[in-house]
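Data first, discussion second: the structure below is written as structure tokens.
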Amino acid sequence: MNRAFLTVCILAALSGAEAEEITTYQRPPREIADAINQPLPPTISVSPTKDYALLMEAPAHPSIAELAEPMARLAGLRIDIRTNGRHLERHFSEFALLKLPEGKALKLALPPGPCKLGAPVWSADGKHFVFTNTTANGIELWVADTASGQSRRMPGVEINGTLNGPGRNAVEWLSDNRTVLAHLVTTGRGAPPAESPVPEGPHVQEGTGKSGPIRTYEDMLATTHDEALFDYYCGSQLAYIDTDNGHTEVTGKPDIFVTAKPSPDGKYLLVARLHRPYSYLHPYLDFPTEVEVWNKGGRSLKTIASLPLADRVPIDGVRTGPRSYQWLPAGNSSLVWVEAMDGGNPKEKALFRDRVLRLDDPAGGEPVELTKLEQRFTGLQPLAKGGMVLVEDYERDKRWVRTFMVDLKSNGSPGKLLFARNVQDRYKDQGSPVTEVQANGQTAVRQEGDAIFLEGAGASPEGDRPFLDRYNVVTGKTERLFQSSADCYEEPVEMLDSEGTMILTRRETPTEPPNYYLRTAGKARALSHYADPQPRLRQVQKQLVKYKREDGVQLSFTLYLPPDYKAGTKLPTFLWAYPFEYSDASTAGQVSGSVKRYTQLSGHLLLVLGGYAVLENAAMPVIGDPETVNNTYLEQIVMDAKAAIAKASEMGVTDPERVAVGGHSYGAFMTGNLLAHSSLFRAGIAESGAYNRTLTPFGFQTERRTLWEAPDLYIKMSPLMSANTIKAPLLLIHGEADDNTGTFPINSERLYQAVRGNGGTVRLVMLPFEAHGYAATETLEHVLWEELRWLDLNLGRQ
């Protein structure tokens with residue numbers, strides 16, 4: 001079947017149609033299309049010294065032509081083979097430099113022509129930042145000077161961006177504020193390995209009798225040619241680059257580096273490099289790994305860990321051996337890491353599950369035990385002063401998270417408990433520590449005397465009201481420095497002074513787009529002036545609605561009504577949701593989000609412009625013991641949906657006979673089940689879901705049991721197995737290049753065939769080149785055209 005990038009292939013079963021239907025991309029009504037393509041508000045990046053900021057503008061969406069650019073899908077990566085970076089890497093098109101605190105705009109020279117700029121990486125002194133510029137054939141490195149506004153390309157430098165990711169920058173500053181460590185494309189590597197048209201032999205895999213759960217990953221290696229391509233594109237050369245004169249000095253030999261972090265004093269490198277044998281079932285981060293300390297010249301001084309392939313990790317478990325390794329910012333070059341004490345298996349009974357180790361001499365010393373944790377380690381953050389660290393652990397059965405303060409000098413200390421709560425209890429969330437970049441370039445928790453600072457969402461029964469607190473770690477006393485007022489949504493972005501009296505915030509209201517403000521002594525001054533691109537959307541009505549399901553559990557949804565809605569008119573309604581599992585009813589009923597945010601509609605919310613009421617984020621809690629919560633999954637989601645429809649009908653905005661349900665991913669799975677096991681809905685729209693749980697046999701979402709431990713549950717929860725009971729019309733949409741674990745496109749193809757074969761009304765839309773989340777302008781427009789058309793056919797707007 002030809003699936004050219006300018007076509008969308010639709011398998012139709014509407015009005016008795018049996019033929020395959022091929023159409024070009026369609027556009028929804030202009031008002032909806034304009035909303036899809038409205039520009040995004042800028043984001044901001046503040047220098048470590050708080051005296052400069054960059055306002056960064058990103059394009060709204062790529063084109064389908066950009067998605068169609070050639071890529072290699074290797075070991076869980078999608079690599080742009082022209083640039084040696086990530087395929088469809090997020091980028092910015094414009095930078096604007098501001099002087100703080102006055103907010104004065106400064107001239108900033110950028111690369112010529114249309115730009116694809118990477119996020120800035122600031123020097124610790126705030127005088128420079130480096131950024132990448134992706135061209136048609138590679139990734140350049142540029143350095144900008146904040147005082148002059150000038151920027152320069154580093155000559156002869158070609159960045160390898162394939163292994164970029166959270167916490168893994170392709171470029172890192174050293175503490176001298178002049179030198180950067182960069183991952184470069186290996187010089188002289190030649191052309192990519194060619195694939196032989198004749199195979200050398202069969203592709204063989206083998207199990208050796210040892211158990212190990214296998215998730216259903218996408219884009220894995222499959223052949224020896226794939227392995228050669230992985231080496232070719234992911235192998236890089238580490239090099240020091242002098243940003244003053246552009247001089248480049250390589251260090252060590254080329255390898256596949258997933259970590260390369262300079263020590264605080266610049267004398268050492270912490271590196272983690274992958275090596276063979278690779279896996280055809282696991283992504284690259286599970287590959288065998290050597291973790292080492294190098295000197296600046298690239299000579300290995302100490303091996304921290306030699307980790308085998310992580311193919312024996314239990315469900316919800318962790319890898320054995322050192323993990324989560326990092327430099328401590330204080331002093332010269334101390335390392336910390338974590339090791340499991342229970343074999344990495346959460347089902348094993350253990351007095352302690354993890355321990356944290358510290359190594360003060362990376363060139364040859366021995367580690368000492370810093371602390372033991374009764375539950376699984378989830379994070380470590382050093383404080384800026386006083387030799388303390390915050391260590392967090394998590395107990396999975398009670399979903400309980402705790403934060404301890406541990407003294408680096410008292411080996412083996414359990415530390416002082418600072419915070420403890422149910423991780424799903426948003427109302428009791430104390431917030432996250434505010435961090436800062438120190439003079440040596442390392443990141444630590446911001447500290448003033450005995451106080452640290454916490455920022456959080458400020459969840460409440462009335463919605464989120466973000467805050468900034470000062471918290472005394474000795475006395476436990478909290479002082480609120482800032483909280484969003486009830487009539488807007490305003491969140492702290494950066495503290496610009498040591499006391500929290502000068503704060504950079506991002507403020508928005510339902511009618512005012514997000515802009516950045518400087519708050520001093522309670523007064524706010526705008527630093528940006530982003531204009532409203534679509535005033536018409538301000539007329540969309542929205543409100544937070546709270547109600548209860550029949551067993552008394554508190555629920556909520558956000559109601560969106562069309563701009564010209566007249567009170568008392570009952571509308572066809574679209575309910576959009578995503579189920580979550582909870583261990584108790586009190587957290588399940590908590591409100592999330594805020595109706596005070598700027599009405600910037602996207603995706604399914606734009607259906608409100610087509611004349612539909614939309615019940616957004618309708619609560620779908622599934623409550624129970626974590627081990628068996630899904631035993632009543634079907635009963636609970638039906639109860640949740642019934643309560644939402646009843647409430648909207650009671651309000652007089654919804655015609656209960658004309659309600660459709662929809663969702664994405666696990667929400668699509670929910671949609672299939674609601675159509676199969678209830679008669680509440682006239683139609684459904686399911687995007688990129690998984691519908692056959694036997695294809696995810698080692699667990700899914702928060703389900704801990706395997707298919708072989710709970711076969712009846714896997715069958716019961718699979719919409720595919722109940723396809724004969726799906727009688728309401730179902731629109732299935734799926735990206736042909738879905739990269740999400742467990743939601744392979746075959747899920748939608750097989751459910752389509754099952755519903756159609758049992759006489760149901762169903763339509764399947766496969767989106768060329770799209771992954772789990774849809775990106776291209778043409779795709780987004782067509783999806784809204786499909787969804788609006790589906791609702792019109794099956795609910796009707798009149």
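The values are calculated or read from the model by the stated rules, or taken from the named source; none is laboratory data. As the structure is a computational prediction, the values presented were derived from the model and not from experiment. Note that each Cβ is placed from the backbone with ideal geometry, even for glycine, and that neighbours are counted across all protein chains shown. Please note that ligands, DNA and RNA were not included when accessible areas were found on the heavy atoms of the full protein model with its side chains. Shrake-Rupley method; radii C 1.70, N 1.55, O 1.52, S 1.80 Å.
Taking the conditions exactly as written (open to solvent by 40 Å² or more (accessible area, probe 1.4 Å), part of a loop (DSSP other than H, G, I, E, B), under 30 Å from R396 (Cα atoms) and touching a strand residue (DSSP E or B) at 6+ places or on another chain (Cβ under 9 Å)), does R319 satisfy them or not?
Yes, satisfied.
Do we have L98 as over 27 Å from L163 (Cβ atoms), touching a strand residue (DSSP E or B) at 6+ places or on another chain (Cβ under 6 Å), surrounded by 19 or more Cβ atoms within 10 Å (Cβ to Cβ) and not hydroxyl-bearing (S, T, Y) here?
Yes, satisfied.
Out of segment 767-798, which residues are at pLDDT 95 or above and either more than 20 Å from I36 (Cβ to Cβ) or acidic (D, E) (or both)?
Correct list: E770, E778, E781, E786, E787, D792, L793, N794, L795.
Six or more apart or on different chains, Cβ atoms under 7 Å: show the pairs whose first residue is in segment 514-542 and surrounded by fewer than 13 Cβ atoms within 10 Å (Cβ to Cβ) and whose second is hydrophobic (A, V, I, L, M, F, W, C).
Correct list of pairs: R525/L518.
Looking only at segment 371-381, filter to residues that are surrounded by 21 or more Cβ atoms within 10 Å (Cβ to Cβ) and in contact with a Ser or Thr (Cβ under 8 Å, 6 or more places away or on another chain); which one of those is nearest to V406 (Cα to Cα)?
T371
Looking at the structure I just gave you, is G458 open to solvent by less than 10 Å² (accessible area, probe 1.4 Å), in a loop (DSSP other than H, G, I, E, B) and within 20 Å of T509 (Cβ to Cβ)?
no
I'd like to verify a number: residues in segment 383-404 that are closer than 20 Å to S334 by Cα, surrounded by fewer than 20 Cβ atoms within 10 Å (Cβ to Cβ) and in contact (Cβ under 8 Å) with a residue 60 or more places away in the chain, how many?
3
Got at least one residue in segment 442-450 being surrounded by fewer than 18 Cβ atoms within 10 Å (Cβ to Cβ), touching a helix residue (DSSP H, G or I) at 6+ places or on another chain (Cβ under 8 Å), at pLDDT 95 or above and in a loop (DSSP other than H, G, I, E, B)?
Checked against the condition, which is being surrounded by fewer than 18 Cβ atoms within 10 Å (Cβ to Cβ), touching a helix residue (DSSP H, G or I) at 6+ places or on another chain (Cβ under 8 Å), at pLDDT 95 or above and in a loop (DSSP other than H, G, I, E, B), segment 442-450 yields no hits at all.
Could you please give the count of residues in segment 124-148 that are among the small types (G, A, S) and more than 19 Å from L55 (Cβ to Cβ)?
Summing the residues that are among the small types (G, A, S) and more than 19 Å from L55 (Cβ to Cβ) in segment 124-148 gives 3.
Got a sec? Which of L518, L555 is in contact with a helix residue (DSSP H, G or I) (Cβ under 8 Å, 6 or more places away or on another chain) and on the phi < 0 side of the Ramachandran plot?
On inspection, the qualifying residue turns out to be L555.
What pairs come out if I take residues in segment 276-292 that are open to solvent by 10 Å² or more (accessible area, probe 1.4 Å) and pair them with residues that are part of a loop (DSSP other than H, G, I, E, B) and of a type in the set (V, I, T) whose C-beta lies under 7 Å away, six or more apart or interchain?
Going by the 7 Å Cβ cut-off, the qualifying pairs are L281/I214.
In segment 172-223, what residues are open to solvent by 60 Å² or more (accessible area, probe 1.4 Å), of a type in the set (V, I, T) and within 30 Å of R152 (Cβ to Cβ)?
T187
Just a yes or no: is a residue in segment 194-209 in contact (Cβ under 8 Å) with a residue 40 or more places away in the chain and touching an Asp or Glu at 6+ places or on another chain (Cβ under 7 Å)?
Checked segment 194-209: no residue is in contact (Cβ under 8 Å) with a residue 40 or more places away in the chain and touching an Asp or Glu at 6+ places or on another chain (Cβ under 7 Å).
Give the number of residues within segment 18-38 that are surrounded by 12 or more Cβ atoms within 10 Å (Cβ to Cβ) and either at pLDDT below 90 or of a type in the set (A, V, I, L, M, F, W, C) (or both).
Count: 7.
Pull up segment 186-225, narrow it to residues that are of a type in the set (A, V, I, L, M, F, W, C) and modelled with pLDDT under 90, then point me to the one that is farthest from A170 (Cα to Cα).
V204
Looking at A420, is it open to solvent by 30 Å² or more (accessible area, probe 1.4 Å), modelled with pLDDT under 95 and among the small types (G, A, S)?
no
Of the numbered conditions (1) within 30 Å of D125 (Cβ to Cβ); (2) assigned to a strand (DSSP E or B), E479 satisfies every one except a single condition; which is it?
Tallying (1) within 30 Å of D125 (Cβ to Cβ); (2) assigned to a strand (DSSP E or B), E479 fails exactly one: (1).
Output yes when any residue across segment 451-461 is in contact with a helix residue (DSSP H, G or I) (Cβ under 6 Å, 6 or more places away or on another chain), at pLDDT 95 or above and on the phi < 0 side of the Ramachandran plot, and no when none is.
Yes: segment 451-461 contains one or more residues that are in contact with a helix residue (DSSP H, G or I) (Cβ under 6 Å, 6 or more places away or on another chain), at pLDDT 95 or above and on the phi < 0 side of the Ramachandran plot.
Looking only at segment 327-363, count how many residues are in contact with a strand residue (DSSP E or B) (Cβ under 7 Å, 6 or more places away or on another chain) and open to solvent by 50 Å² or more (accessible area, probe 1.4 Å).
Looking only at that region, the number is 4.
Only one of (1) at pLDDT below 95; (2) more than 22 Å from the chain's Cα centre (by Cα) is not met by Y52, so which one is it?
(1)
Restricting to segment 63-90, count the residues that are in a loop (DSSP other than H, G, I, E, B) and surrounded by 19 or more Cβ atoms within 10 Å (Cβ to Cβ).
4
Show me the strands (runs of 3 or more DSSP E) found entirely inside segment 498-603 where at least 3 residues are under 29 Å from the mean Cα position of the chain (by Cα) and over 24 Å from I685 (Cα atoms).
So the answer is 502-508, 515-520.
Give segment 395-426 a look and list any residue that's part of a strand (DSSP E or B) and among the charged types (D, E, K, R), or say none.
E395, R402, D407, K416, R421, listed by residue number.
Just give me the residues in segment 417-438 being without any contact (Cβ under 8 Å) to a residue 40 or more places away in the chain and closer than 16 Å to D393 by Cα, in sequence order.
The answer is L417, F419, A420, R421, V423, D429, G431, S432.
So, in segment 667-706, exactly how many residues are in a loop (DSSP other than H, G, I, E, B), open to solvent by 30 Å² or more (accessible area, probe 1.4 Å) and hydrophobic (A, V, I, L, M, F, W, C)?
Of the residues in that region, 2 qualify.
Are any residues in segment 317-343 under 19 Å from V437 (Cβ atoms) and either in contact with a helix residue (DSSP H, G or I) (Cβ under 6 Å, 6 or more places away or on another chain) or β-branched (V, I, T) (or both), and if so, which ones?
V336
Say we look at segment 228-246 and pick out the residues that are more than 27 Å from the chain's Cα centre (by Cα) and assigned to a strand (DSSP E or B); which of these is surrounded by the fewest Cβ atoms within 10 Å (Cβ to Cβ)?
D242
I'd like the full set of residues that are of a type outside the set (A, V, I, L, M), more than 28 Å from K347 (Cα to Cα) and not in a loop (DSSP other than H, G, I, E, B), limited to segment 293-316.
Within segment 293-316, W294, N295, S300, K302, T303 meet the criteria.
Give segment 247-257 a look and list any residue that's crowded, with 18+ Cβ neighbours inside 10 Å and of a type in the set (A, V, I, L, M), or say none.
I256
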